[in-house]
Amino acid sequence: MSILFTHELLHAGKNIVLKATDAELIVVPVKRTFARAAYLRMSEVFAVAKSLHKKSYCVDVSAVFIKKEKGTEKIIQFQCKDEAQCDLLLSQLKCIIAGVDLNSPLPLRKVLILVNPYGGTKKAPKIFTKIVEPMFTKAGVAFEHKETEYAGHAFDIANSINLDDYTSIITVSGDGLFNEVVNGLMSRTEDIDILSKFPIGLIPGGTSNGLCKSLGSISPMIATLNVIKGLKSGFDLMKIMQPGETPRYAFLSLNTGLIADVDIESEKYRWAGQARMTMTGAARIMNLRKYNIRLWYRLASEYPAHLHPDVSFPDQPGATGWKKFEGKMVSVVATSVPWLSYEHFISPYSHHCDGVADLTIFDENTSSANLLSWFLKPDAAKHVGCAPVKYVKVSALRIEPLEQRGIMNIDGEVIPNKQTDMVVLPHAATIFSNPNFEAYCWDLTNLPSEGLNTHDVVHAQEHDYRQQFSHNRTESVTISVSGNKSIQGDEEVEEEYDEDDGDDESMQYREAKKIAHESKYDNEDAEFDDDGEGIHDLNEQDDHDEHEEQPHQSKTDVDGPSEVLV
């Protein structure tokens with residue numbers, strides 16, 4: 001990577017040289033006797049601002065550092081020689097952040113943000129006020145904020161707004177409101193490919209947050225960073241069709257049986273947050289129900305969705321390639337993402353843009369003892385490979401209930417319990433998501449024809465990456481401009497809205513972690529200290545205590561407030 005610009009500046013009273021590439025900022029101390037070079041990934045930088053500190057013009061760089069699924073916002077201040085240098089540096093950094101050539105016009109954006117004030121634990125308005133709004137304002141991204149007022153309001157908005165007025169729509173909510181936006185946009189008749197062109201996003205503010213967990217952005221701050229940076233990926237949808245009903249679209253799951261029962265019956269315990277699923281699940285497992293169904297499915301290895309977009313179902317002319325399961329079952333779930341909720345890892349080989357759906361069948365031999373054993377560690381996917389569980393990747397599916405009782409559920413919403421057809425729509429949508437989130441390198445032809453014992457055929461590269469990530473974990477999360485400690489004259493704002501501070505490796509090993517390396521742009525040997533503190537070395541301070549502030553209470557000077565120049 002080539003150097004885009006170089007500036008001689010001051011940081012914390014020390015002379016430094018700031019170099020920039022498309023991927024990172026490199027801070028090199030002028031006096032190299034004891035201090036080391038440090039790096040700041042541009043993927044973490046979301047805003048820059050001009051300020052006045054002790055009569056000197058400064059550039060404040062706002063970044064989000066990620067550790068244990070949570071984000072910490074920090075402001076790193078660079079002091080310029082004069083206002084002209086400050087304005088030039090500010091302009092150059094804005095271009096790099098926006099992903100355009102230096103001195104090019106910045107792209108115009110306006111985001112519609114829908115907030116659900118009633119969903120789950122009702123924390124979405126607080127997340128918007130404390131995190132989303134301040135970050136958007138700092139980044140200079142225009143937005144319009146609306147709170148939904150009734151069930152289906154987001155559907156109506158997405159279905160009726162003038163899309164020329166906005167560049168994208170995001171929700172601060174759970175999976176339910178986001179489903180309304182998806183279906184509202186897909187129900188528009190003017191463009192059948194609308195979601196592939198019009199990006200959408202989700203800031204987690206609900207109870208389960210299965211989609212955000214699957215995207216690697218369970219933190220509201222990290223999810224907001226992805227939107228501001230305009231980082232996007234393809235996103236599969238499942239088209240759900242029933243006789244006499246309008247087609248619906250799902251991004252999470254289609255399920256019936258135990259999982260549907262728990263999801264819907266736990267609604268009355270929404271006040272309990274994520275614990276509602278555990279409470280209801282334990283009760284339902286001890287009083288297990290079994291349902292008679294007929295299930296048809298087409299293997300994705302034989303009929304990939306992108307090569308066979310037109311599906312003829314079993315009762316239609318030209319139907320081929322269908323396999324059948326008929327009898328009693330405990331649960332059937334088809335997913336397009338691995339996590340059904342923050343805790344439940346139902347489809348370990350699924351990915352949000354792999355072009356297939358993962359079908360899991362818990363047959364009648366599934367016992368309460370089995371389920372309790374799996375339920376105690378819902379994030380371990382211990383059910384996959386067990387004899388009563390069939391797991392297979394499919395491109396199309398038909399569920400035929402053979403009795404009236406039971407619940408049919410898509411993305412947490414109840415639909416009529418009758419014949420239900422599903423086809424996968426590969427990359428039908430574009431979603432803001434973690435740029436370091438990598439798809440599995442999965443060879444569909446290696447799956448057993450009936451999907452049994454898939455834990456024995458995990459791709460070797462996936463296993464190797466898990467080991468590599470585990471070995472390098474400490475380095476990869478602490479090596480940054482300021483590590484885990486505050487920099488002199490810098491602000492640190494840490495999230496406090498995640499309910500689980502656990503370090504969930506089952507999600508994190510799938511993130512492509514870039515480990516900071518020695519400078520390739522300086523002839524001298526620049527490297528990090530063993531503790532990975534980076535630019536902290538330039539400050540010669542080892543005992544700075546961390547401090548936390550709300551985003552709207554920003555300060556950039558430990559000696560006094562700075563004057564922000566408009």
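The values are calculated or read from the model by the stated rules, or taken from the named source; none is laboratory data. In this text the structure is predicted, and so the values were computed from the model without any measurement. All Cβ positions, even for glycine, are placed from backbone atoms using ideal geometry, and neighbour counts span all protein chains on display. Just the protein is used for accessible areas: all its heavy atoms, side chains included, with ligands, DNA and RNA removed. Shrake-Rupley method; radii C 1.70, N 1.55, O 1.52, S 1.80 Å.
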List, in the order given, every pair from 67/94; 19/67; 122/197; 146/229 whose Cα-Cα distance in the structure shown is over 27 Å.
-> 122/197
Peptides 102-115, 383-396: what's the order by average Cβ count within 10 Å, highest mean first?
-> 383-396, 102-115
Net charge (Lys, Arg +1; Asp, Glu -1) of residues whose beta-carbon lies under 11 Å from that of residue 161, residue 161 excluded, is -2
Determine ³J(HN,Hα), in whole Hz, for all residues of region 322-328 in sequence, where each value follows from phi through the Karplus function 6.51 cos²θ - 1.76 cosθ + 1.60 and θ = phi - 60°; x replaces Gly and Pro.
-> 8, 10, 10, 10, 9, x, 7
Can you run phi through the Karplus equation (6.51, -1.76, 1.60; θ = phi - 60°) for region 414-420 and list ³J(HN,Hα) in whole Hz, with x for Gly and Pro?
-> 7, 10, x, 7, 8, 3, 10
For region 110-163 and region 320-341, write down the distance between their C-alpha centroids in whole Å.
-> 34 Å
Starting from the amide H of residue 53, placed 1.01 Å from N in the peptide plane, find each other amide H under 5 Å away whose residue is 5 or more places distant or on another chain.
-> 58
In nm, the gap between the two label points placed 7 Å beyond Cα toward Cβ at residue 188 and residue 288 is 4.7 nm
Under the Karplus curve 6.51 cos²θ - 1.76 cosθ + 1.60, θ = phi - 60°, whole-Hz ³J(HN,Hα) for region 159-173, x wherever Gly or Pro sits | 7, 10, 5, 7, 5, 5, 7, 9, 9, 5, 10, 10, 10, 9, 5
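What is the mean projected area of the alpha carbon convex hull for region 269-397, to one decimal in square nanometres?
Averaged projected hull area, Cα only: 8.8 nm².
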Of every hundred units of 1.4 Å-probe accessible area on region 95-214, the number belonging to carbon and sulfur atoms, as a percent, is 51 percent
Taking 0.36 nm per residue of separation between residue 30 and residue 81 and subtracting their Cα-Cα distance, the length gained on full extension comes to 16.8 nm
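Of the peptides 205-215, 344-354, 397-407, how do they stack up when ordered by the mean number of other Cβ atoms within 10 Å, highest first? The partial results should precede the final answer.
Values: 205-215: 27.6, 344-354: 22.8, 397-407: 16.2.
Per-residue Cβ counts within 10 Å, averaged per peptide and sorted highest first, yield 205-215, 344-354, 397-407.
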If packing is taken as the mean number of other Cβ atoms within 10 Å per residue, what is the order of 58-68, 145-155, highest first?
-> 58-68, 145-155
